[in-house]
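Student: Sharing a structure, written as structure tokens. Questions coming.
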Amino acid sequence: MTRVAVYPGSFDPITMGHIDIIKRIAPHYDRVIVLVAQSSQKQSLFTAQERKDLIEKSLDLSNVSVDIFEGLTVDYMKKVKAQVIVRGLRAVVDFEYEMTMASMNKKLTPAIETMLVFASPEYYYVSSRGVKEIAMHLGDLKGLVPKVVIQALHRKFKK
Ligand code: ADP
């Protein structure tokens, strides 16, 4: 059996926190798919295609690929025969949301497991939302996101 994990999220944009999770889980699976959620309800700064391109440029792992999907994560997972959803856990505030999502996905598809990975201490405070806030006010983003993301954010917010 090929062990396939899906790491779904908005990734608007990808941060060092996300990259840390991806690097840490990649050795444990045959394939990891970073799944960019294309949501009509959630407004994003970057388009799904832009988010995908930034993730691809930020990663260099042979067993990791990036895809875009609009719909339920579990439906995508059935399509690609993936068994595990990976999510990252930062502070306690993430817990309730992640538990609800995991329970909902379990109800929809009992065979799929959600694995939660703790954020590394150096990234537990990093969020896409925080990064966008800093970028909007032209603050220093070094160490929070990859260089390509800093450049893309500067293009979005340049005066
Ligand atoms: P969503 O909008 O679905 O929450 P995000 O792109 O914000 O998607 O995050 C995707 C996943 O990565 C979530 O499980 C989130 O908790 C996790 N995550 C976000 N930032 C970090 C970080 N700094 N360290 C570890 N995990 C993180």
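Student: With runs of 4+ DSSP H residues as the only contributors, calculate the mean residue ellipticity of the chain at 222 nm using -39,500 (n - 2.57) per run, divided by the residue total and rounded to the nearest 500.
Tutor: -12500 deg cm²/dmol
Student: Using only Cα atoms, what is the ratio of the radius of gyration of segment 7-159 to 2.2 N^0.38 Å?
Tutor: 1.03
Student: Quick check on packing: order 60-72, 20-32 by the mean number of other C-beta atoms within 10 Å, highest mean leading.
Tutor: 20-32, 60-72
Student: Taking the Cβ-Cβ separation of GLN41 and ASP140 as r and a Förster radius of 30 Å, what is the calculated FRET efficiency to the nearest 0.05?
Tutor: 0.40
Student: Round to the nearest 0.05 the FRET efficiency obtained for LYS81 and LYS147 when R0 = 35 Å and r is the Cβ-Cβ distance.
Tutor: 0.50
Student: Which net charge results for the neighbourhood of ILE19, defined as the other residues with beta-carbon distances under 14 angstrom from its beta-carbon, given Lys and Arg at +1 and Asp and Glu at -1?
Tutor: +1
Student: Let me ask something else. Amide H neighbours of VAL36 under 5 Å, counting only residues 5+ apart in sequence or on other chains, H built in-plane at 1.01 Å?
Tutor: For VAL36, the qualifying residues are ASP67, ILE68, PHE69.
Student: State the three equivalent ellipsoid semi-axes of segment 1-85, derived from the C-alpha gyration tensor as the square roots of 5 times its eigenvalues, in descending order and whole Å.
Tutor: After scaling each eigenvalue by five and taking roots: 20, 16, 9 Å.
Student: Say the dipole of segment 1-157 comes from +1 at the beta carbon of Lys and Arg and -1 at that of Asp and Glu; which of LEU54, THR114, GLN83 then lies farthest toward its positive end?
Tutor: Value computed over the given set: GLN83.
Student: Further question: What is the count of Lys pairs in segment 1-118 whose alpha carbons sit under 26 Å apart, if the two are 8 or more places apart or on different chains?
Tutor: Lysine pairs satisfying the spacing and distance rule in segment 1-118 number 23.
Student: Please sort through the DSSP H helices of the chain and keep those with an alpha-carbon extent of at least 18 Å along the long axis and a Kyte-Doolittle average not below -1.0.
Tutor: In the chain, the long hydrophobic H runs are 92-108.
Student: In debye to the nearest 20, how big a dipole does segment 98-155 give about its Cα centre with +1 on each Lys and Arg Cβ and -1 on each Asp and Glu Cβ?
Tutor: 220 debye
Student: Between segment 92-121 and segment 60-78, how far is it from one alpha carbon centroid to the other, in angstrom?
Tutor: When both Cα centres are located, 17 Å separates them.
Student: Rounded, prolate or oblate: pick one for segment 41-84, where a ≥ b ≥ c are the square roots of the eigenvalues of its C-alpha gyration tensor, a/c under 1.5 means rounded, and failing that, prolate if a/b is larger than b/c, else oblate.
Tutor: Oblate, since a/c reaches 1.5 and b/c is not below a/b.
Student: Now a separate question. Counting each pair of different Cα atoms once, what's the Kirkwood radius of segment 1-43 in Å, rounded to one decimal?
Tutor: Radius from the Kirkwood sum: 11.4 Å.
No lab work stands behind these numbers, since they all come straight from the coordinates. This is a predicted model, so every value here is computed, not measured. Quick reminder, even Gly has a Cβ in these numbers, built from the backbone with ideal geometry, and neighbours come from all protein chains shown.
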